[in-house]
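Chemist: Take this structure first; my questions come after.
The values are calculated or read from the model by the stated rules, or taken from the named source; none is laboratory data. In this text the structure is predicted, and so the values were computed from the model without any measurement. Ideal geometry is used to build each Cβ from the backbone, glycine not excepted, and the neighbour counts take in all protein chains shown.
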Amino acid sequence: MTTITLTLDEIYQLAFDCLQQNGADEENAAAVAQVMTCAERDGSHSHGLFRLPAYVASLRSGKVRGDARPLLREITPSLLKLHGGNGYAPLAHQTAIPALAAAAQKNGVAVLAITHVHHMAALWHEVEMLAEQGLAAFACTTYMPSVAPAGARSKFFGTNPIAFAWPRPDATPLVFDMATAAKAMGEVQIAARAQEPLPAGVGLDKNGAETTDAAAIVDGGVLLPFGGYKGSAISLMVELLTAGLLHENFSYEAKEKDNGDGGPPQGGEFILALSPAIISENDWQTHCQQFFDRLSALPGVRLPGSRRHQNRKTVEIRQIDAGQVEKIRALMTSEQAD
Ligand code: NDP
């Protein structure tokens, strides 16, 4: 793969300009470009510039509003609800996460129910924002069907990611963020592009046979849940928390209503914030640090999130796939579709 060297500022500007030229206003373009730049900074490549063409496709088709203004309401002191105005999720997070953090810090627990957004980013961003405020956080969202529930061979669940963050004083938060599919579709698409084989158990081809060929999964195949029936149960929970609880689209409903432009469908996101300071009523920081010290001392263990946080510390320059950059530049010169 041929790469181009870009600074983080250049990555941000490329994403911002491309989004703005394709119909996003300044606030929306800035919010999405910021999240995309953080993904490249941390080495979350499947949710960095790689996703820009799909973001643009939905701006051009009019499915996603580039001028969305999220509307935040307090339903109870510990339940906030945000209508995303059919925009991309990053502006919704920017609007609501500070209020969610304040509610959890006051009440011990708070929920943010986000509806009418289009989410195609990594989830670690929102839970990490909360952990940086001294809160534990959980987030999940649905997508369009791409995963076969345990026992089935056809798509029903989305890749339905879940993310969890735990605050650590004087250290980066502990964060895990993962699709409940054996692999996120973005990772499979990148493996298909690089013609790299996948481990067994990631997906089935269009005939329902197990395959390690990423292209066979992308072209009419189906992903499998991680961990068999256990991952399948977690994916089911995600559908209920984000669609049942929030009265938003289940993954299959999102697909039925989607215009097929290649961008993310409309859906909801469930975010829970918890205050260890209020709930533990104790010195949770020392107690948990002892736990992390013991865990990290085990040979072979690394904490989830540490790869990303390590990438974050390195120089502010990234190698980006040259073909990807060319594709993005072409989106800035090509005519907008109707
Ligand atoms: P990975 O399988 O790459 O990683 C999952 C988690 O496991 C990460 O937190 C990672 O930490 C951690 N991890 C990986 N290897 C180890 C290890 N050896 N020891 C301990 N921890 C480890 O992620 P996925 O492919 O499942 O998901 C990728 C992204 O896709 C996620 O950010 C997710 O939010 C996003 N996604 C978004 C969707 C949407 O609709 N918006 C849909 C589906 C997925 P680290 O990062 O440090 O490696």
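Chemist: Among the residues of the stretch 67-75, are any more than 27 Å from HIS309 (Cβ to Cβ), in contact with a Cys (Cβ under 9 Å, 6 or more places away or on another chain) and not acidic (Asp, Glu)?
Modeler: No - not one qualifying residue is present in the stretch 67-75.
Chemist: Still on this model: Tell me the strands (runs of 3 or more DSSP E) entirely within the stretch 54-150 that contain at least 2 residues that are within 16 Å of the ligand (Cβ to nearest atom) and touching a strand residue (DSSP E or B) at 6+ places or on another chain (Cβ under 8 Å).
Modeler: Result: 79-88, 109-118, 136-141.
Chemist: Identify the residue in the stretch 291-309 that is more than 8 Å from the ligand (Cβ to nearest atom) and assigned to a helix (DSSP H, G or I) and, among all such residues, is surrounded by the most Cβ atoms within 10 Å (Cβ to Cβ).
Modeler: Taking the candidates together, the pick is PHE292.
Residue-by-condition table, conditions (1) in contact with an Asp or Glu (Cβ under 9 Å, 6 or more places away or on another chain); (2) surrounded by fewer than 20 Cβ atoms within 10 Å (Cβ to Cβ):
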{"residue": "ARG41", "(1), (2)": "yes, yes"}
{"residue": "LEU52", "(1), (2)": "no, no"}
{"residue": "SER58", "(1), (2)": "yes, no"}
{"residue": "ARG69", "(1), (2)": "yes, yes"}
{"residue": "ILE75", "(1), (2)": "no, yes"}
{"residue": "LYS81", "(1), (2)": "yes, yes"}
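Chemist: Among all residue pairs at least 6 apart or on different chains, which show Cβ distances below 9 Å where the first residue, located in the stretch 292-318, is closer than 17 Å to ALA165 by Cα and aliphatic (A, V, I, L, M) and the second is outside any helix (DSSP H, G or I) and within 14 Å of the ligand (Cβ to nearest atom)?
Modeler: If the second residue must be outside any helix (DSSP H, G or I) and within 14 Å of the ligand (Cβ to nearest atom), the pairs left are LEU295/VAL301; LEU295/LEU303; LEU303/LEU174; LEU303/VAL175; LEU303/PHE176.
Chemist: Are any residues in the stretch 247-273 closer than 21 Å to PRO90 by Cα and small (Gly, Ala, Ser), and if so, which ones?
Modeler: Listed by number, the residues that qualify are SER251, ALA254, GLY262, GLY263, GLY267, GLY268, ALA273.
Chemist: Kindly list, by first and then second residue, each pair from a residue in the stretch 176-195 that is at pLDDT 95 or above and acidic (Asp, Glu) to a residue that is within 11 Å of the ligand (Cβ to nearest atom) and outside any loop (DSSP other than H, G, I, E, B), limited to pairs with Cβ atoms under 8 Å and residues at least 6 apart or on different chains.
Modeler: ASP177/TRP124; ASP177/VAL127; ASP177/ILE162; ASP177/ALA163; ASP177/PHE164
Chemist: Of all residues in the stretch 146-162, which are modelled with pLDDT of 95 or more, in contact with a helix residue (DSSP H, G or I) (Cβ under 8 Å, 6 or more places away or on another chain) and surrounded by fewer than 23 Cβ atoms within 10 Å (Cβ to Cβ)?
Modeler: Once the filter is applied, which keeps residues that are modelled with pLDDT of 95 or more, in contact with a helix residue (DSSP H, G or I) (Cβ under 8 Å, 6 or more places away or on another chain) and surrounded by fewer than 23 Cβ atoms within 10 Å (Cβ to Cβ), the stretch 146-162 yields PRO149, ALA150, PHE156, ILE162.
Chemist: A further question follows. Can you pull out the residues in the stretch 84-106 that are more than 18 Å from the chain's Cα centre (by Cα) and either without any contact (Cβ under 8 Å) to a residue 40 or more places away in the chain or crowded, with 20+ Cβ neighbours inside 10 Å (or both)?
Modeler: Once the filter is applied, which keeps residues that are more than 18 Å from the chain's Cα centre (by Cα) and either without any contact (Cβ under 8 Å) to a residue 40 or more places away in the chain or crowded, with 20+ Cβ neighbours inside 10 Å (or both), the stretch 84-106 yields GLY85, PRO98, ALA99, LEU100, ALA101, ALA102, ALA103, ALA104, LYS106.
Chemist: Can you tell me which residue in the stretch 310-326 is farthest from MET129 (Cα to Cα), limited to those that are of a type in the set (Val, Ile, Thr) and part of a loop (DSSP other than H, G, I, E, B)?
Modeler: By that ranking, first place goes to VAL315.
Chemist: Another question about this same structure. Out of curiosity, is GLU187 touching a His at 6+ places or on another chain (Cβ under 8 Å) and among the charged types (D, E, K, R)?
Modeler: No; evaluated as a whole, the condition is false for this residue.
Chemist: Anything in the stretch 175-215 that is closer than 19 Å to GLY323 by Cα, part of a helix (DSSP H, G or I) and more than 8 Å from the ligand (Cβ to nearest atom)? List them, or say none.
Modeler: Once the filter is applied, which keeps residues that are closer than 19 Å to GLY323 by Cα, part of a helix (DSSP H, G or I) and more than 8 Å from the ligand (Cβ to nearest atom), the stretch 175-215 yields VAL188, GLN189, ILE190, ALA191, ALA192, ARG193, ALA215.
Chemist: So LYS230 fits all but one of (1) within 13 Å of the ligand (Cβ to nearest atom); (2) surrounded by fewer than 20 Cβ atoms within 10 Å (Cβ to Cβ); (3) assigned to a helix (DSSP H, G or I); what number is the exception?
Modeler: (1)
Chemist: Also: In the stretch 267-290, is there at least one residue being in contact with a His (Cβ under 9 Å, 6 or more places away or on another chain) and hydrophobic (A, V, I, L, M, F, W, C)?
Modeler: Taking every residue of the stretch 267-290 in turn, at least one turns out to be in contact with a His (Cβ under 9 Å, 6 or more places away or on another chain) and hydrophobic (A, V, I, L, M, F, W, C).
Chemist: Which one of GLU239, GLU248 is among the acidic types (Asp, Glu), away from the ligand (no atom under 11 Å from the Cβ), touching a strand residue (DSSP E or B) at 6+ places or on another chain (Cβ under 9 Å) and part of a helix (DSSP H, G or I)?
Modeler: Just a single option satisfies the conditions, and that option is GLU239.
Chemist: Going through the stretch 251-290 one residue at a time, which ones are among the acidic types (Asp, Glu), surrounded by 12 or more Cβ atoms within 10 Å (Cβ to Cβ) and not in a helix (DSSP H, G or I)?
Modeler: Answer for the stretch 251-290, where residues must be among the acidic types (Asp, Glu), surrounded by 12 or more Cβ atoms within 10 Å (Cβ to Cβ) and not in a helix (DSSP H, G or I): ASP258, ASP261, GLU269.
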